Each structure stands twice: as structure tokens, then as C-alpha cells.
1. Hey, does the range 54-66 have a residue that's more than 22 Å from Arg7 (Cβ to Cβ), within 14 Å of the chain's Cα centre (by Cα) and open to solvent by less than 10 Å² (accessible area, probe 1.4 Å)?
2. If Leu37 meets every condition in (1) surrounded by fewer than 19 Cβ atoms within 10 Å (Cβ to Cβ); (2) farther than 22 Å from Ala160 by Cα apart from one, which number is that one?
3. Residues in the range 238-250: is at least one modelled with pLDDT under 95, over 27 Å from Asp109 (Cα atoms) and part of a loop (DSSP other than H, G, I, E, B)?
4. Determine the pairs where a residue that is under 15 Å from Asp221 (Cα atoms) and in a loop (DSSP other than H, G, I, E, B), located within the range 164-175, has a partner that is open to solvent by less than 30 Å² (accessible area, probe 1.4 Å) and of a type in the set (Asp, Glu) with Cβ atoms under 8 Å apart, the partner being 6 or more residues away or on another chain.
5. Please go through the range 205-227 and give me each residue that is of a type in the set (A, V, I, L, M, F, W, C) and either modelled with pLDDT under 95 or surrounded by fewer than 18 Cβ atoms within 10 Å (Cβ to Cβ) (or both), ordered by number.
6. Limited to the range 120-163, what total is found for residues that are more than 22 Å from Ala205 (Cα to Cα), open to solvent by 20 Å² or more (accessible area, probe 1.4 Å) and not in a strand (DSSP E or B)?
7. What residue, of Asp94, Asp99, Asp109, is modelled with pLDDT of 95 or more, under 21 Å from Val170 (Cα atoms), out of contact with any Asp or Glu (no Cβ under 9 Å at 6 or more places or on another chain) and surrounded by fewer than 21 Cβ atoms within 10 Å (Cβ to Cβ)?
8. For the range 192-205, does any single residue satisfy the condition of being farther than 17 Å from Thr111 by Cα, small (Gly, Ala, Ser) and free of Cβ contacts under 8 Å to residues at least 24 places away in the same chain?
Amino acid sequence: MTALVTRSSQRCFGGVQLSLEHTSSACAGPMRLGVYLPPQAEKGPVAAVFYLAGLTCTEETFVIKAGAQRVAAELGLALVTPDTSPRAERYPGDDASWDFGVGAGFYVDATVEPWARTYKMFSYVTSELPNLLRAELPIDGSRLGVTGHSMGGHGALVAALRAPTVFRSVSALAPICAPMQCPWGEKAFSGYLGEDRATWAAYDACELLKSHALPSEALIDQGLADKFLAGQLKPELIEARAAEAGQRVRVRRHEGYDHSYFFVQSFIEEHLRHHHRALG
């Protein structure tokens, strides 16, 4: 882990949108990320929300498409947007499909070669990056939340369940709720973790709810016109598992909304306010 290098910096709603890079020890190479610092950060450390993006996205996707900086500036929240996979070291077939390899790290720590050399996104997001940011930026490391979209929604739920002392609040937009029970998850987990399904449970929110507690109520929004709803996302499974476990998961369904960033734009303000209430 090395110091953050600023690639660009732009004023935005009184704060500053940063494009940063550093050498990651978890991912064994350079990683890029975005950080929005609200105006309040000029006076001292602020709470932050990590946003984990979905398949094919980069650290810039949410920064450019979601329109979240206005609300973050009002609430005094920093926004942290990591990349979705390592990109420096390349492996055969890592760009052969859009749902595995580059841009599709699935927020797991890979154990299968060659992916195990650099695809350590769970450790990167839940340990290395929070520690680096609290050391180098005006971010209050005791007040972190995590959200995400699609693959990133899966990552957010798993991060909150497995690292509740790191992330005090959690939400998700159209998340992959039960990756062990959908094609995207089965493909990613078998490729990164191997064929032993018992090892997959560490990265499945529905399985984790059996033995891990959420740090606070999880807010989930889902569009009913989402073409991936029935086959890949399956919010009804996490609703049922949370009810069995007596845990707080609130799923809201919305007519007419699909899986795009128009959906993310429509509900990101409510998600940031959800985190703001939880983080104080």
C-alpha cells in the first residue's frame, strides 16, 4: 500500500472530485479510485459512503453518471468509488466475457490461479482502502457506509455483513442477492473460488445472514422492469432469509424502473440520506 497520487481534481458543488491512484498491496499493483470530498471536509474529517459499482464499470462510472455529488455536498458525505477489478496484470481470457475477469472482480478474494495473484477485491475494499483513506484524506474512518449497484450491491451487502466494524451502514441498488443461486454468481465463484461450493458461502449475503449480523437496517431498491430481476437478482430470497434470521432488510420495489443508471440516479439521494442518518 502506497500513498495516493492525484490524477485530477475538479471543483464540484463547493467540494472537490478527485481521481486518485495508488499501488495496492492487496491487488499487487496500481488501482484507481474516485473520491468526492464535500465542502465540510475543509474543516475536518467527514463520514464517507463507499459505492461499489457493477459489471463492466470503472471507478468513474458512478462519478459521472449518478449525479450524487450535489446531495453529498449538502449532507457533508464523502463518496468513495473503487474500481471493479485489478487491471494492470492481465491473464489469458480475462476479457473474453463481460461478466468475468476485467471489470468483474465480484468483490471476492480469489483463491484459484491465476486470479489469486491480484484479484483480492474483498480485502481491498474492506481493509486496505479504508485504512489508506483515513490516513491520507479528511475522512472519518469510524463513520463509513457502503452501497452498490448490481454486482456492487452484492459486494456492499457482503462487506457490511463480514466487516460490520468497518461499515456502519449499508444499502444496495438492484443487488445480486443470492449469487450462489444465479448464473452470474455461479460463473464468478467457480472461476475465482473453485468448485467447492462450501467456500462460496463466505460471499453470499443470504448465506451470511444465517450467522452474521448487519450493522444497521439494509435498504434495498429494485426496479420491476429490470430484465435481470428474476434470473440474477432475486430480492425475494434475501427478504425471506432476513425474516428467518430476524434481521432488518427493507426491500422497496418500483414499477417501470430498469437496471440502468437512470434507476441509480432516481434513488441515490434516498440512499445517501439513509447512510447519513445511520452515520450521524
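The values are calculated or read from the model by the stated rules, or taken from the named source; none is laboratory data. None of the values given here were measured: they were computed from a predicted structure. Methodologically, a virtual Cβ is constructed for each residue, glycine included, from the backbone with ideal geometry; neighbour enumeration extends over all protein chains shown. Side chains included, ligands, DNA and RNA excluded: accessible areas come from the protein's heavy atoms. Shrake-Rupley method; radii C 1.70, N 1.55, O 1.52, S 1.80 Å.
1. Of all residues in the range 54-66, those more than 22 Å from Arg7 (Cβ to Cβ) come to 54-55.
Filter once more, so that each one left must be within 14 Å of the chain's Cα centre (by Cα): 54-55.
Retained after the next criterion (residues that are open to solvent by less than 10 Å² (accessible area, probe 1.4 Å)): 54.
Yes, the conditions are met somewhere in the range 54-66.
2. (1)
3. So in the range 238-250, the residues modelled with pLDDT under 95 come out as none.
Checking the range 238-250: not a single residue is modelled with pLDDT under 95, over 27 Å from Asp109 (Cα atoms) and part of a loop (DSSP other than H, G, I, E, B).
4. Ala174/Asp221; Ala174/Asp226
5. The first filter runs over the range 205-227 and keeps only residues of a type in the set (A, V, I, L, M, F, W, C), leaving 205-206, 208-209, 213-214, 218-220, 224-225.
If the condition is that a residue be of a type in the set (A, V, I, L, M, F, W, C) and either modelled with pLDDT under 95 or surrounded by fewer than 18 Cβ atoms within 10 Å (Cβ to Cβ) (or both), then Ala213, Leu224, Ala225 are the ones that fit.
6. Residues meeting the conditions: 6.
7. Asp109
8. Keep residues of the range 192-205 that are farther than 17 Å from Thr111 by Cα, which gives 205.
Filter once more, so that each one left must be small (Gly, Ala, Ser): 205.
Next, from what is left, pick out any that are free of Cβ contacts under 8 Å to residues at least 24 places away in the same chain: none.
The answer is no, given that none of the residues of the range 192-205 is farther than 17 Å from Thr111 by Cα, small (Gly, Ala, Ser) and free of Cβ contacts under 8 Å to residues at least 24 places away in the same chain.
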